1. Could you work out how much longer the chain between Glu20 and Trp52 gets when fully extended? Use 0.36 nm per residue separation minus the Cα distance between them, nm to one decimal.
2. Can you compute log10 of I(q)/I(0) for the chain with the Debye formula, treating each Cα as one identical point scatterer, at q = 0.20, 0.22, 0.23, 0.26 Å⁻¹?
3. So how do Leu55, Leu64 line up by other beta-carbon neighbours within 10 Å, fewest first?
4. In degrees between 0 and 90, to the nearest 10, how far off the longest principal axis of the chain does helix 16-52 point, with axes built from Cα atoms?
5. Which net charge results when you count Lys and Arg as +1 and Asp and Glu as -1 among the other residues whose beta-carbon is under 15 Å from that of Asn37?
6. Quick check for me: using +1 on Lys/Arg Cβ and -1 on Asp/Glu Cβ, what's the dipole size of the chain about its Cα centre, in debye to the nearest 20?
Amino acid sequence: MNAKELLLKEVDNIPEFILEEVWEFLQFLKAKYDKDNLEASLLSESSLQKDWLTLEEDEAWQNL
């Protein structure tokens, strides 16, 4: 069984009040993951900006 199957099996056997906490924790993890991805993207953008924001780069992409 994979992790998703195991999780779904457990969900069927836990009380509602615990299920609510599991839901909240899942939302927290998703938000954290999204935030980490955003931060990595922003850091990459700032480090690559010097290569992207050039006259040569603008000229190379102007016909697209």
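Only the coordinates and a few stated rules stand behind these numbers; no lab work does. None of the values given here were measured: they were computed from a predicted structure. So basically every Cβ, Gly included, is an ideal-geometry build from the backbone, and we count neighbours across all protein chains shown.
1. So the chain would gain 6.9 nm between Glu20 and Trp52.
2. -0.89, -0.97, -0.99, -1.04
3. Placing the least packed residue first, the sequence is Leu64, Leu55.
4. 10 degrees
5. In short, -1.
6. 220 debye
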